[in-house]
Amino acid sequence: MPDGIDRKIIVATQAGLPLVPRPYDALAGRLGIGAEEVKARLARMLDTGTIRRIGAVPNHYALGYTANGMSVWDVADERIDELGEMIGRLSFVTHCYRRPRRLPDWPYNLFAMVHGKTRTEVEGGCAIIRELLGTACRAGDVLYSTRILKKTGLRIQD
Amino acid sequence: MASERAASSLDDALDETDRRIVNALQGGFPLSDEPYREAAEPLGLSEAELLARLKRMLDERALTRFGPMFQIERMGGRFVLAAMQVPEADFDRIAETVNAFPEVAHNYRREHAFNMWFVLATEKPEGIADAIARIEAATGLAVAAFPKEREYFVEMKLDA
């Protein structure tokens, strides 16, 4: 579990790394600890998975992935884990989760995010998913995003 | 939609070098004294050029961030997807209210009766229920929470 100093590093870097030649020195100066310690703690958080990775977080719209479909499926409970693993391996699926149904408004329990450069591309992906789910799937839908309202990521309070 | 148009015009603003940077640097940024110089070298760029391009892409919002991506669950926190059915006439006002919560990490408008989908990120698991209660009080609308029960795959890297 991250300790108080890790938490300070998270607060200092959650909006991004300093864009200066020696960013870890800059962070160290701000936090009042050594640069070696900053790097060692970041390395440990990478090892333990507290940090997934360090690098560029692209705005997928800016990369031309303007069609963003959240495909959702009502899949038989006894088959969802096996099928979810399979759908998650498709190259065009960027996230795949099992989530609770919210009946009667929401019968879907499998969520697979499909990114594409056009809606046609996304529809093609969803057709492949539908076919793989086969008879285990009772219904499905695709919710396209039409506007990013906010995209800041995690912000814990200082 | 306005932001889609704005974003797709950015598509043209990324040149070949920008795309190589985005593809190469979606992970594995070095933990060394001069990481930008180290990352620039295999791309055939100078440190100054890489820094200038990253700055420009951040300013143009082609990149939302450059730095660590945290997995809050590993710190004892939670990410939860949630949705609301917002009356169209009130959409912008409600979006502003919801976005004002620091717990709201992302928020998307989607075509469905559930037309607002956002991700709550809190440092403590109990923070989710608390944030939902406060959002419901502030908006007067019900929030449906869709916590993940199982993660089959997550890979947010995309080819530029």
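The values are calculated or read from the model by the stated rules, or taken from the named source; none is laboratory data. For clarity, every value in this text was computed on a predicted model and none was experimentally measured. Here the Cβ is made from the backbone with ideal geometry for all residues, glycine too, and neighbour counts use every protein chain on show. For accessibility, only protein heavy atoms count, side chains too; no ligands or nucleic acids. Shrake-Rupley method; radii C 1.70, N 1.55, O 1.52, S 1.80 Å.
Here are the numbers for the structure shown:
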read-out: Backbone N within region B:63-94 under 17 Å of label point (7 Å from A:Thr146 Cα along the Cβ vector); value: B:84-94
read-out: Solvent exposure of the protein assembly as shown as accessible area per residue, Å², 1.4 Å probe; value: 44 Å²
read-out: 15 Å beta-carbon shell around B:Asp92, net charge (K/R +1, D/E -1); value: +1
read-out: Estimated buried accessible area (total), pair B and A, 1.4 Å, Å² to nearest 100; value: 8000 Å²
read-out: The protein assembly as shown, helix-only ellipticity at 222 nm - DSSP H runs n ≥ 4, -39,500 (n - 2.57), divided by all residues, nearest 500; value: -11500 deg cm²/dmol
read-out: List A:Thr50, A:Thr135, ordered by accessible area with a 1.4 Å probe, largest first; value: A:Thr135, A:Thr50
read-out: Shape metrics for region A:67-144, restricted to C-alpha atoms - Rg then Dmax, Å; value: 11.5, 34
read-out: Entries in B:Lys55/B:Lys148; A:Lys150/B:Lys148; A:Lys8/A:Lys151; A:Lys39/B:Lys55; A:Lys39/A:Lys150; A:Lys117/B:Lys148 that, when Cα-Cα distance is taken, lie over 25 Å; value: B:Lys55/B:Lys148; A:Lys39/A:Lys150; A:Lys117/B:Lys148
read-out: Karplus-derived 3J(HN,Hα), 6.51/-1.76/1.60, for each residue of region A:64-74, Hz, glycine and proline x; value: x, 7, 8, 9, 10, x, 8, 8, 10, 9, 9
read-out: Carbon/sulfur fraction of accessible area - chain A, other protein chains in place, 1.4 Å, %; value: 52 percent
read-out: Averaged over A:46-52, number of beta-carbon atoms from partner chains that fall within 10 Å; value: 5
read-out: Packing rank of B:13-26, B:136-149, where each peptide gets the mean count of other beta carbons within 10 Å, highest leading; value: B:13-26, B:136-149
read-out: Lys/Arg +1, Asp/Glu -1 at C-beta; region A:67-144 dipole; positive extreme among A:Thr118, A:Thr135, A:Met86; value: A:Thr118
read-out: Ranked by how many other beta carbons lie within 10 Å on average, peptides A:58-70, B:63-75 from highest; value: A:58-70, B:63-75
read-out: With Cα atoms, 0 to 90° folded angle of helix A:35-48 axis to chain A main axis; value: 20 degrees
read-out: Where GluC sites (Glu not before Pro) fall in DSSP loop in region A:71-112, at most 15 other Cβ within 10 Å; value: A:Glu78
read-out: Computed lengthening from B:Asp15 to B:Leu141, 0.36 nm per intervening residue step minus Cα-Cα distance; value: 41.0 nm
read-out: Region A:4-48 - charge dipole about Cα centre, Lys and Arg +1 at Cβ, Asp and Glu -1, debye rounded to 20; value: 100 debye
read-out: Shielding by partners, peptide A:114-125 (average Cβ within 10 angstrom, other chains); value: 0
read-out: Per-residue HN-Hα couplings for region B:108-113 [Karplus 6.51, -1.76, 1.60; θ = phi - 60°; Hz; x = Gly/Pro]; value: 10, 8, 10, 7, 4, 4
read-out: Shape call, region A:4-48: gyration tensor on alpha carbons, a/c limit 1.5; value: rounded
read-out: Residue order for A:Ser145, A:Ser91 - accessible surface, 1.4 angstrom probe, largest first; value: A:Ser91, A:Ser145
